[in-house]
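Step one of this worksheet: look at the structure below.
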């Protein structure tokens, strides 16, 4: 292993303190203890050759491409396909790319790189990685709470997708016609909306007016299949109703698939993700090639890209761009830190961050052509404006696109392709999120190699089982209301922005931006561009605070389908979900400060002193290494008590 140049240490990295700690002689008990602590936390400067850790070496990716594919699978998800195209159309078409790309460079890439580099440097998951500043270990707890909530509710999209996929295996799509057991007398297959208000003669206007008034109370078979067959939705959050046995079967199936994708760790995850990450691109390409041949597709693409320069002066456009980036880059969930922890120590994570950012944003832009070519065709067929068929979120996946498929030749084939892509696109995001959660839990309780390997399988099984039990509340008749509570509060823009803000502040101002840049230089062999440091220190926190305040000031009560307003106690449950993660940070800080002895300054200094892992020993001085390693006789006696030095649990 090549030695690292000493000039990579800057003034803020702590190199001088380490030298003083090594050369100084303790003059008293307390003074000596302080100097010993400084020696233990001396910066990582001089490689000393391979050490013999008492704990097994951390598992690493078989190939570095496994890490790239896993990050692509996790970060590139349903939000790229069903949210970005709609936001682009809504916020000025091609003009939306200006605020989007700007915030990518000042918010998305810096925080994405920070999380991956932190995991790679500390070789720990989402919780233990914050041993870099133990006082703020609540950041890791908060990310685990958020990713747990995400794992719980996100899988429902896969459940619905699997339900549609199974029902697509027919000669005639069940949502294309009326006359089924779930349809009501108001169901009608032909709306003729293009005639409403578009005729010029007085005689036809009278006829059309009568027809349009008759159609006002009618419902499409697509909406009735979604609400009456899939959701069987009740009228209120307080009316949970019955469980759907069909959705329960889909739920169990998806959780079993997720479990067997991750139960053996990154070795199995790295193999599965090659298919789950690449297959959606194949289907998106096929859908685009088919979509551009449909009549009206060009009009849809023009609507998607048509620039409206006045939108740049609207604050909501910039807020939508920032929120979308934090969602689509999977920032603040701790999973990127977990994935990075399985990298080789000298992997070039700086280069990987830019590669993954290009892949993520390019996928979002490419998906817009796929979606709007089909929406343009649907608007042309129905004779309505594109704005009446443009949808976002579940409305696009389970209402707009299924409706478009019914208008195509060989509709069951295209329905199978679309929903299988939806399933695969969400599956890799789901199992990588679960992998990140399990990694964080296992890193809290490290065990020697002799402890066996079944604890990962057992932990994964317990995690999947607990989430599955919670999901039962979402396969009831009131399940959609519960799903929206989780979606809008537990992993909302507010919680992710709060998390990203504190991550930047802790690394840049508590641990030290220059110091962390030096650590990155030890890993990749050179210092990243200075702009990264300025983003962590000033620009990204300012962006997070601005968007966060905008969300709070413009807060609107939660509604479903623009008609049902959630009761006060429903919103209270939502805010409880949000605060469950947000309060982890201040509560942990207060708890640690109150439990530690000494003056406030002494407590602060002690609690922001990093706790290094065993893999850092090869970069430490011999004196520090001797102080870190427990005596040999203690190692053979079992798990030493001093192991808690490395993995502190609140």
Every pair of residues 6+ apart whose Cβ atoms lie under 8 Å, when the first sits in the range 581-600 and is crowded, with 17+ Cβ neighbours inside 10 Å while the second is not in a helix (DSSP H, G or I): 588/137; 588/650; 592/137; 592/650
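In the list 420, 431, which residue meets the criterion of being part of a helix (DSSP H, G or I) and modelled with pLDDT of 85 or more?
Working: 431 fails: modelled with pLDDT of 85 or more.
Result of the check over 420, 431: 420.
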The range 530-551 - residue that is over 12 Å from residue 106 (Cβ atoms), modelled with pLDDT of 90 or more and surrounded by fewer than 16 Cβ atoms within 10 Å (Cβ to Cβ) and, of those, nearest to the chain's Cα centre (by Cα): 545
Exclusive hit being assigned to a helix (DSSP H, G or I) and in the same structural domain as residue 281 (by TED's automatic domain parsing), set 330, 357: 357
Which numbered condition residue 462 misses (of (1) under 23 Å from residue 337 (Cβ atoms); (2) surrounded by fewer than 20 Cβ atoms within 10 Å (Cβ to Cβ); (3) in contact with a helix residue (DSSP H, G or I) (Cβ under 7 Å, 6 or more places away or on another chain)): (3)
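Within the range 553-575, does at least one residue satisfy the condition of being closer than 28 Å to residue 119 by Cβ and in the same structural domain as residue 522 (by TED's automatic domain parsing)?
Keep residues of the range 553-575 that are closer than 28 Å to residue 119 by Cβ, which gives none.
So far as the range 553-575 goes, no, none of its residues is closer than 28 Å to residue 119 by Cβ and in the same structural domain as residue 522 (by TED's automatic domain parsing).
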Some residue of the range 552-567 being surrounded by fewer than 19 Cβ atoms within 10 Å (Cβ to Cβ) and at pLDDT 90 or above: yes
Residue under evaluation residue 112, criteria (1) within 15 Å of residue 342 (Cβ to Cβ); (2) in a helix (DSSP H, G or I), criterion not met: (1)
Condition check for residue 126: part of a loop (DSSP other than H, G, I, E, B), modelled with pLDDT under 90 and within 29 Å of residue 470 (Cα to Cα): yes
The one condition in (1) within 24 Å of the chain's Cα centre (by Cα); (2) at pLDDT 85 or above; (3) crowded, with 22+ Cβ neighbours inside 10 Å that residue 330 fails to fulfil: (2)
Verdict on residue 515 being out of contact with any strand residue (DSSP E or B) (no Cβ under 7 Å at 6 or more places or on another chain), touching a residue at least 12 places away in the same chain (Cβ under 8 Å) and surrounded by fewer than 20 Cβ atoms within 10 Å (Cβ to Cβ): no
Test set (1) more than 22 Å from residue 189 (Cα to Cα); (2) part of a helix (DSSP H, G or I) - residue 345 fails condition number: (2)
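One line per residue, one yes/no per condition, for (1) assigned to a loop (DSSP other than H, G, I, E, B); (2) surrounded by 15 or more Cβ atoms within 10 Å (Cβ to Cβ); (3) under 29 Å from the mean Cα position of the chain (by Cα); (4) modelled with pLDDT of 90 or more:
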residue: 248; (1), (2), (3), (4): no, yes, yes, yes
residue: 251; (1), (2), (3), (4): no, yes, yes, yes
residue: 256; (1), (2), (3), (4): no, no, yes, yes
residue: 267; (1), (2), (3), (4): no, no, yes, no
residue: 270; (1), (2), (3), (4): no, yes, yes, no
residue: 278; (1), (2), (3), (4): no, no, yes, no
residue: 284; (1), (2), (3), (4): no, yes, yes, no
residue: 301; (1), (2), (3), (4): no, yes, yes, no
residue: 307; (1), (2), (3), (4): yes, no, no, no
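Would it be correct to say that residue 516 is within 26 Å of residue 395 (Cβ to Cβ), in a helix (DSSP H, G or I) and either in the same structural domain as residue 611 (by TED's automatic domain parsing) or modelled with pLDDT of 90 or more (or both)? Walk me through it before giving the result.
Working: within 26 Å of residue 395 (Cβ to Cβ): no; in a helix (DSSP H, G or I): yes; either in the same structural domain as residue 611 (by TED's automatic domain parsing) or modelled with pLDDT of 90 or more (or both): yes.
Considered against the rule, which asks whether it is within 26 Å of residue 395 (Cβ to Cβ), in a helix (DSSP H, G or I) and either in the same structural domain as residue 611 (by TED's automatic domain parsing) or modelled with pLDDT of 90 or more (or both), residue 516 comes out as no.
The values are calculated or read from the model by the stated rules, or taken from the named source; none is laboratory data. Note that the structure is a prediction, hence the values are computed from the model and not measured. Cβ coordinates were reconstructed from backbone atoms using ideal geometry, including for glycine residues, and neighbour counts include every protein chain displayed.
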